[in-house]
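Reviewing the structure listed below.
The values are calculated or read from the model by the stated rules, or taken from the named source; none is laboratory data. Since the model is a prediction, treat every value here as computed from it, not as a measurement. A quick note on method: Cβ atoms are made from the backbone with ideal geometry, for glycine too, and the neighbour counts reach across all protein chains shown. Just the protein is used for accessible areas: all its heavy atoms, side chains included, with ligands, DNA and RNA removed. Shrake-Rupley method; radii C 1.70, N 1.55, O 1.52, S 1.80 Å.
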Amino acid sequence: MYQPFTLFLALRYGRARHGQGFTRFIQRVSLVGIVLGVAALIIVGSVMNGFENELKQRILSVVPQLEIRHEQGKGIENWQQLAAQLPEVTGQQAVVAEVSSAGVLQSAGKLQAVSVQGIFPEQAHSEVQLAPLQEHLRAGQIDLRAGDFHVVLGASLAQQLDVWPGQQLRLIAAGGGIYTPLGLLPAQRLVTVRAVVQLQSEADQHLVVMHGSDLARILRMAPQQVSGLRYYFNDPFQALPAVAPLQAAVAEPLVVESWRQQFGHLFDAVRMEKHMINLMLSLIVAVAAFNIVSSLMMVVQDKRADVAILQTMGLSAARVRRVVVLQGLATGVLGSCLGLALGLLISFFVNPIMTTLGIDLSFAGPQGLPVLIEPLQVAVIVLVALALTFLATLFPAWQASRMLPAHALRYE
């Protein structure tokens, strides 16, 4: 099969069995380094993507992704009219009314600060609020009806209070208190635990969900009054760019807040950790790529007589450079392809592999390590590996093109 002369020569030198054994060893070390570096970046990146996606689904599916509320914490009246006037933003899935308050749950001898969310299961689009609770239900039944004063607790919160479905707790709300001659009397009510959900996230420690009408009665809110409007998005990260247009559409004293105010630090920490791990693993690829400099310089010295003879036969300096670059890129392309195949294979079967090796994955939940392979990220990893390999070939190629045939053949 016909192939360009420079490509033929590059592959021929790369497959040569004779010559310096140490040169071949360095070439193989470079190849293995690129394979392992690319594979490690794909595997670790996919697992970190999976953890970030799990956090997004477990936390941001049950906490307010974006909400419109009164600046001073007062209730909002005529919320149906307000919802109808608001513009639709990108990625918007649903807009629902909510009643919320900070508070304290009291069990037998134990107190715990909580965040109480009141939802309305009978209103339109309420399934976006109920679906995450049903999905992560651990005990009991999600059955919230007005007047029953039933609550759904996060698993960590239920464990701290040592309660189970069917038991009663005292809910003391931060709002709705009344002043008496003896001082401020806080709003409080006995509530019954109806279900326990396990989100395996920070939200488990303070999550309390109940019917919005029951919470409104505890807070002594006026009829048809709610704490705010809550937005749900196809992707919770779409809530961040939606803050500006919604804030421009509402008048004071209403304010628009996203999940970033409460959980931004957590996702920033995950993103920073992912970037640092990727940076450290990228150094493996960089070291392997620049090992190619050493191997190509040795090849140039080993084949200097051959190159000199070819130059006397008309091989130009540009084609000499091309031969060296192609030889280095052959190692980079082969290593990147093998690393890509190995990384994807291990990513798909990482949980069975870990189980076979006897590694305990109970910390990650019953599903094991979450894996999310992003094609764009994989493509960037492979392209960066090839780019580093190309950069590593430039100096040896330049050195080879400066070789003078007379000097190279002087002692031949």
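Does residue 144 qualify as being touching a Lys or Arg at 6+ places or on another chain (Cβ under 9 Å), part of a strand (DSSP E or B) and at negative phi? For residue 144, the condition - touching a Lys or Arg at 6+ places or on another chain (Cβ under 9 Å), part of a strand (DSSP E or B) and at negative phi - is not met. Test residue 95 against the criterion of being farther than 23 Å from residue 241 by Cα, over 25 Å from the mean Cα position of the chain (by Cα) and at pLDDT 85 or above, and give yes or no. It is false that residue 95 is farther than 23 Å from residue 241 by Cα, over 25 Å from the mean Cα position of the chain (by Cα) and at pLDDT 85 or above. Restrict the check to the stretch 126-149 and report whether at least one residue is of a type in the set (S, T, N, Q), free of Cβ contacts under 8 Å to residues at least 12 places away in the same chain and open to solvent by 10 Å² or more (accessible area, probe 1.4 Å). Yes, there is a match, as at least one residue in the stretch 126-149 is of a type in the set (S, T, N, Q), free of Cβ contacts under 8 Å to residues at least 12 places away in the same chain and open to solvent by 10 Å² or more (accessible area, probe 1.4 Å).
Go through the stretch 198-216 residue by residue and tally those that are open to solvent by less than 10 Å² (accessible area, probe 1.4 Å) and out of contact with any Pro (no Cβ under 8 Å at 6 or more places or on another chain).
Filtering the stretch 198-216 down to residues open to solvent by less than 10 Å² (accessible area, probe 1.4 Å) leaves 199, 203-204, 207-212, 214-215.
From what is left, the residues that are out of contact with any Pro (no Cβ under 8 Å at 6 or more places or on another chain) are 203-204, 207-210, 212, 214-215.
The total comes to 9.
Condition first: open to solvent by 50 Å² or more (accessible area, probe 1.4 Å), among the acidic types (Asp, Glu) and either touching a Phe, Trp or Tyr at 6+ places or on another chain (Cβ under 7 Å) or modelled with pLDDT of 85 or more (or both). Can you find one or more residues in the stretch 356-372 that meet it? Lay out the reasoning, then the answer.
Initially, the stretch 356-372 is screened for residues open to solvent by 50 Å² or more (accessible area, probe 1.4 Å), giving 356-360, 362-363, 366-367, 371-372.
Among the residues that remain, those that are also among the acidic types (Asp, Glu) are: 360.
Next cut, either touching a Phe, Trp or Tyr at 6+ places or on another chain (Cβ under 7 Å) or modelled with pLDDT of 85 or more (or both) only: none.
Looking through the stretch 356-372, none of the residues is open to solvent by 50 Å² or more (accessible area, probe 1.4 Å), among the acidic types (Asp, Glu) and either touching a Phe, Trp or Tyr at 6+ places or on another chain (Cβ under 7 Å) or modelled with pLDDT of 85 or more (or both).
Scanning the stretch 63-72 for residues that are without any contact (Cβ under 8 Å) to a residue 24 or more places away in the chain, of a type in the set (D, E, K, R) and closer than 23 Å to residue 239 by Cβ turns up nothing. Taking the criterion of being open to solvent by 50 Å² or more (accessible area, probe 1.4 Å) and modelled with pLDDT of 90 or more, the residues of the stretch 333-343 that qualify are 337, 338, 340, 341, 342. Scoring residue 79 on the criteria (1) over 34 Å from the mean Cα position of the chain (by Cα); (2) surrounded by fewer than 17 Cβ atoms within 10 Å (Cβ to Cβ) leaves a single failure, condition (2).
Applying the criterion of being buried (at least 19 other Cβ atoms within 10 Å of the Cβ) and among the hydroxyl-bearing types (Ser, Thr, Tyr) to the residues of the stretch 100-114, the residue that is nearest to residue 68 (Cα to Cα) is 100. Of all residue pairs spaced 6 or more apart or on separate chains, those with beta-carbon atoms under 7 Å, a first member in the stretch 188-204 that is in contact (Cβ under 8 Å) with a residue 24 or more places away in the chain and among the charged types (D, E, K, R) and a second member that is assigned to a loop (DSSP other than H, G, I, E, B) and surrounded by fewer than 23 Cβ atoms within 10 Å (Cβ to Cβ) are 189/149; 194/141; 194/143; 194/165; 204/198. Please specify each residue of the stretch 244-268 satisfying the condition of being open to solvent by less than 50 Å² (accessible area, probe 1.4 Å), closer than 12 Å to residue 86 by Cα and in a helix (DSSP H, G or I). Passing the criteria: only 246.
Taken over the stretch 12-57, the criterion of being open to solvent by 20 Å² or more (accessible area, probe 1.4 Å), at pLDDT 80 or above and polar (S, T, N, Q) is satisfied by 53 alone.
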